[in-house]
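Worksheet: the structure to be examined is printed underneath.
The values are calculated or read from the model by the stated rules, or taken from the named source; none is laboratory data. Since the structure is predicted, the reported quantities are computational estimates derived from the model, not experimental observations. Please note: Cβ atoms are built from the backbone with ideal geometry, for glycine as well, and neighbour counts cover all protein chains shown.
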Amino acid sequence: MRPTLLAIILLPALLASASRSAPPLSADGSPSAWPGLAAPVRPAAPAGPQAVWVFLSGRGGQKSPERVAADPRALWRRAARGLDSQLADPDLKVSSSFLRSLRATGVRLRTQSRWFNAVSLWATPAQLEQIRALPFVREVRPVARGRRPPDPRSVGRRAESPSRLQYGGSFNQLEMLGVPAAHEAGLSGAGVRVLMLDTGYYTDHAAFGSGRVIAEWDFINQDGETQNQPGDPEGQHRHGTATATALGGCLPGQLYGPAFACQFLLAKTEDTASETPVEEDYFVAALEWGEAQGADVASASLSYTDWYTFADMDGQTALVTQAVDLAVGLGVAVVVAAGNYRNDAWGHIGAPADAFGVISVGAVNEQGQLAWFSSPGPTADGRLKPEVTAQGVNVAAAGWENPASLRAFSGTSLSCPLVAGCAALLLEAHPLWTPGQVRSALMRTADRAGMPDNDFGWGVVNLPAALQAFPEPGPVSISIQGELVRLSWPDRGYDHYRVYHALQLVGPFTLVGESADTVWTGQNLLQQGSGFFRIQGLVEPLR
């Protein structure tokens, strides 16, 4: 049967090889426990509750499992950019019958994870024993919690550049990356959704503009307000305000972020009043929430080291690292801070900067010299880190004193959102680029791409060059002979090609073939009278 419609898209991408290990079972098949779980996660009374993950087996035998209603933008992004997802159904909820059984033990639920089929909860040692005995429990392990090291002190606001007064104090941090040239070409981040994961956001600040926050959620208090509320510490929303406005703020004549017209999805994930404000279950929940809300880019200026050793920074161990690679597989470009650990006892990058598909960002000063605090690579398995660098010393961003206040901040917490803003501009210009494509374009065109190392990574971002990093799609020839379909396309300099097929334009697309050449032939794909094909040009991964 001849097809009624055939659509071809040539899509460049980075050949990725990220992998994820499932949480282990004990030798006898019973749920395993993380070493040392019998002791409290943090000093507490012996019978005090602990924050733990409970990983589940199956979905409770439901004939029609519940699913999250993902935003249409998320469905489009998965089809267009998420060709290598490890998740068969990212919207499948945790079994309600499992939740009822867990609640019956008296525990208090914290978060749920669709991607890991898990819940986090508060449980006493006695309750943990009951939980381990439940037949659907696969593993119990602590929620990784800790502190983000304080950001280095800034010396004050920098003077405005006399040559580009419209950028105010943000000129140098943008000029270093080539952002003004992209703005002059008409790019602003318009239409791109950016997920922020941070402490909270002073959304009344003028730099956020009007109507740009399209969704927000407080994962600590479980409500829809991410700005400070009664009971929050005074400084709760300071850090998030700085990172979000460095990425997408807009105060003409004073402050611009690279993606000054982007749409924001704001997730409040850190409780600054806690002794351990950085908690991985809130991060995982926020990443799943933002992905389903249609995020194109995620920016996270945080790092996890507690409960881990450097050997765990291998791209497969930390749960936040696994979550990042799952998000990347669903088409979200994830940008994270490398960390400020260079001169402390840890001395390395922290999770999730060790993820395979992430864009981790180090910091340089205003002159492009390595910042003294910027965490070095490599990962435990020997991969170079960070991916790229950007200014992280005296970065201009919004303050918190009033709706027009501005301050200077330092840390990889600030270099991260500058690069995330550049990623948003790449996706505005090239909507079909995958996260691997965005990552590769930034790395291959950075100023040290010819001599990458574990301090600068591939170097300071060069956005104009990254925008031109890969050739545009070319014409594709199609011929059909019976059940055979032959596709051919011009050589665009890629190392490898993959061919995907779907029965409808929105997918899901299935990998049906690979080719080192520019020709591919397949059969038995058009039985239902229509077919859609996508050709993906790939380049070898950068390690």
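Would you confirm whether any residue within the range 227-234 is closer than 15 Å to Gly200 by Cα and in contact with a strand residue (DSSP E or B) (Cβ under 9 Å, 6 or more places away or on another chain)? Lay out the reasoning, then the answer.
To start, the set of residues in the range 227-234 that are closer than 15 Å to Gly200 by Cα comprises 227-234.
Now narrow it down to the ones that are in contact with a strand residue (DSSP E or B) (Cβ under 9 Å, 6 or more places away or on another chain): 227, 229.
Yes, because at least one residue in the range 227-234 is closer than 15 Å to Gly200 by Cα and in contact with a strand residue (DSSP E or B) (Cβ under 9 Å, 6 or more places away or on another chain).
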The listed residue being touching a Cys at 6+ places or on another chain (Cβ under 6 Å), at pLDDT 95 or above and closer than 20 Å to Val336 by Cα, out of Leu442, Leu463, Leu418
Leu463
With respect to Pro431, determine if the residue is touching a residue at least 60 places away in the same chain (Cβ under 8 Å) and surrounded by fewer than 24 Cβ atoms within 10 Å (Cβ to Cβ).
yes
Would you pick out the residues in the range 497-519 that are over 25 Å from the mean Cα position of the chain (by Cα) and at pLDDT 80 or above?
Tyr497, Val499, His501, Val512, Gly513, Glu514, Ser515, Ala516, Asp517, Thr518, Val519
Being surrounded by fewer than 19 Cβ atoms within 10 Å (Cβ to Cβ), of a type in the set (D, E, K, R), over 24 Å from Glu270 (Cβ atoms) and modelled with pLDDT of 95 or more, is that true of even one residue in the range 157-174?
no
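Within the range 422-449, how many residues are of a type outside the set (Asp, Glu) and closer than 15 Å to Glu387 by Cβ? So that I can check it myself, show each step before the final result.
Our first condition is that a residue be of a type outside the set (Asp, Glu); within the range 422-449, this holds for 422-427, 429-446, 448-449.
Add one more test, that the residue is closer than 15 Å to Glu387 by Cβ, and what stays is 422-423, 426, 435-446, 448-449.
So the answer is 17.
Results for (1) small (Gly, Ala, Ser); (2) within 17 Å of the chain's Cα centre (by Cα); (3) not in a helix (DSSP H, G or I), shown as yes or no for each residue.
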position	(1), (2), (3)
Trp53	no, no, yes
Pro65	no, no, yes
Ala69	yes, no, yes
Ala74	yes, yes, no
Leu102	no, no, no
Gln112	no, no, yes
Output yes when any residue across the range 86-95 is more than 17 Å from Val284 (Cβ to Cβ), over 28 Å from the mean Cα position of the chain (by Cα) and among the hydroxyl-bearing types (Ser, Thr, Tyr), and no when none is.
no
Can you say whether Glu184 is surrounded by 16 or more Cβ atoms within 10 Å (Cβ to Cβ), in the same structural domain as Tyr282 (by TED's automatic domain parsing) and of a type outside the set (A, V, I, L, M, F, W, C), as far as the supplied structure shows?
no
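Tell me, please, whether a residue that is under 25 Å from Gln391 (Cα atoms) and touching a residue at least 40 places away in the same chain (Cβ under 8 Å) can be found in the range 466-485. Spell out how you get there, then give the answer.
Looking only at the range 466-485, we keep the residues that are under 25 Å from Gln391 (Cα atoms), and these are 466-469.
Those left that are additionally touching a residue at least 40 places away in the same chain (Cβ under 8 Å): 466-467.
Scanning the range 466-485 turns up at least one residue that is under 25 Å from Gln391 (Cα atoms) and touching a residue at least 40 places away in the same chain (Cβ under 8 Å).
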Small (Gly, Ala, Ser) and crowded, with 21+ Cβ neighbours inside 10 Å, is that true of Gly459?
yes
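Of Ala285, Ala300, Ala295, Ala311, which residue is surrounded by fewer than 19 Cβ atoms within 10 Å (Cβ to Cβ) and hydrophobic (A, V, I, L, M, F, W, C)?
Step by step, each of Ala285, Ala300, Ala295, Ala311 is checked, and only Ala311 is surrounded by fewer than 19 Cβ atoms within 10 Å (Cβ to Cβ) and hydrophobic (A, V, I, L, M, F, W, C).
Quick grid of which residues meet (1) assigned to a loop (DSSP other than H, G, I, E, B); (2) of a type outside the set (A, V, I, L, M, F, W, C):
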{"residue": "Gln437", "(1), (2)": "no, yes"}
{"residue": "Asp447", "(1), (2)": "yes, yes"}
{"residue": "Gly450", "(1), (2)": "yes, yes"}
{"residue": "Ala469", "(1), (2)": "yes, no"}
{"residue": "Val485", "(1), (2)": "no, no"}
{"residue": "Tyr494", "(1), (2)": "yes, yes"}
{"residue": "Leu511", "(1), (2)": "no, no"}
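Within the range 386-407, can one find any residue that is within 19 Å of Tyr304 (Cα to Cα), buried (at least 24 other Cβ atoms within 10 Å of the Cβ) and hydroxyl-bearing (Ser, Thr, Tyr)?
To start, the set of residues in the range 386-407 that are within 19 Å of Tyr304 (Cα to Cα) comprises 386-387.
Keeping just the survivors that are buried (at least 24 other Cβ atoms within 10 Å of the Cβ) gives 386-387.
Then drop every residue that is not hydroxyl-bearing (Ser, Thr, Tyr), which leaves none.
No, that holds for no residue.
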Would you mind stating whether Ala380 is of a type in the set (Gly, Ala, Ser), more than 14 Å from the chain's Cα centre (by Cα) and farther than 13 Å from Asn454 by Cα?
no
Being closer than 30 Å to His239 by Cα and modelled with pLDDT of 90 or more narrows it down to one of Ala449, Ala424, so name that one.
Ala424
